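**Q** One structure is given below, represented as structure tokens, and several questions about it will come after.
The values are calculated or read from the model by the stated rules, or taken from the named source; none is laboratory data. In this text, all values refer to a predicted model and were calculated from it rather than measured experimentally. When we count neighbours, we look across all protein chains shown, and the Cβ atoms used for this are built from the backbone with ideal geometry, even at glycine. What goes into the accessible areas is simple: the full protein's heavy atoms, side chains included, and nothing from ligands, DNA or RNA. Shrake-Rupley method; radii C 1.70, N 1.55, O 1.52, S 1.80 Å.
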Amino acid sequence: MGSPVCFKQFYGLSKETTDTIPVKETTKESFVRMIDFLYGKEIDWKGMTIEGMYDIANMAEKYHIDALMETVKKAFEDVLLDENNVVVCASLACEYNQFENLSRILLLRCAKFLKSVLVKTKDFEAFATKYCDSHLNETAFKLLGMLSKVPSVKCCNSETCRRGKPITRIEDFEPGDKVKFSPEAKEKDVTDDQRKLGSEGTIKGVYQVLVKLELEDGRELNYSIVSIGTPTFLFCKC
């Protein structure tokens, strides 16, 4: 794995002869990540902005590093979305449309997510109201126009299914509900030990300050609302 562009710069017939080679149209952080990648270090995408991801894509394209571009593509496929950032991410996909394949991946992912949370008429009405006077209105309604082309999301049809919407109050819990930890869960909400026990489970009991979960491996987890705070779960896999 390497960069043919870098090889020519350092070893080719027209190699650079100066002590300093300027690197343009990028940031120091993205360039360092590219060099680290060439030396076998994995890129930590957690917490990276969409703009930062596109910047690394620009480096991969500029220096002809196919393996890095494939890694960026996978990162775009795994972008974490919620109702607060989905339209912003779609807007950035439109803004960086020179990266056609990556922007197509991100836009489709945004549309699929939106279709999973806009289920009832009131959901569509609330979405339209939120963005009708926003500077993101064009992108928001472009996403709505894409929904008819996105496959329907299968649902468990449970009465309490929230189609991926987060639980924010203990009153939202009902025994029998299927839940999974949100990928966006803060460290204070889900510890490493709890993650090891299993990320999905069934609510077995709801008490004044306690939620009892049975994890998919059969073990139980008691979640104290007092010591941890309202947990960041998602209802169902839908």
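**Q** So, in nm, how far is label F31 from label N222 when the simple model puts each one 7 Å beyond its Cα toward the Cβ?
**A** Taking the two extended label points, one gets 5.6 nm.
**Q** From the protein chains alone at 1.4 Å, what is the descending order of accessible area for K62, K46, largest first?
**A** K46, K62
**Q** Under the 0.36 nm per residue contour assumption, what length would be gained going from the current alpha-carbon distance of N84 and Y207 to full extension?
**A** Computed gain between N84 and Y207 is 41.3 nm.
**Q** Residue separation times 0.36 nm, minus the C-alpha to C-alpha distance between E171 and F124: what's the value?
**A** Gain on extension, E171 to F124, equals 14.5 nm.
**Q** Now, a different point. Set the Förster distance to 22 Å, then compute FRET efficiency between S152 and C132 from the Cβ-Cβ distance, nearest 0.05.
**A** 0.30
**Q** If the limit is 24 Å between Cα atoms, which of K73/K115; K62/K149; K73/K178 go over it? Spell out each step's value before the answer.
**A** On the way: K73/K115 22 Å; K62/K149 33 Å; K73/K178 31 Å.
The pairs that break the limit, which is 24 Å between Cα atoms, are K62/K149; K73/K178.
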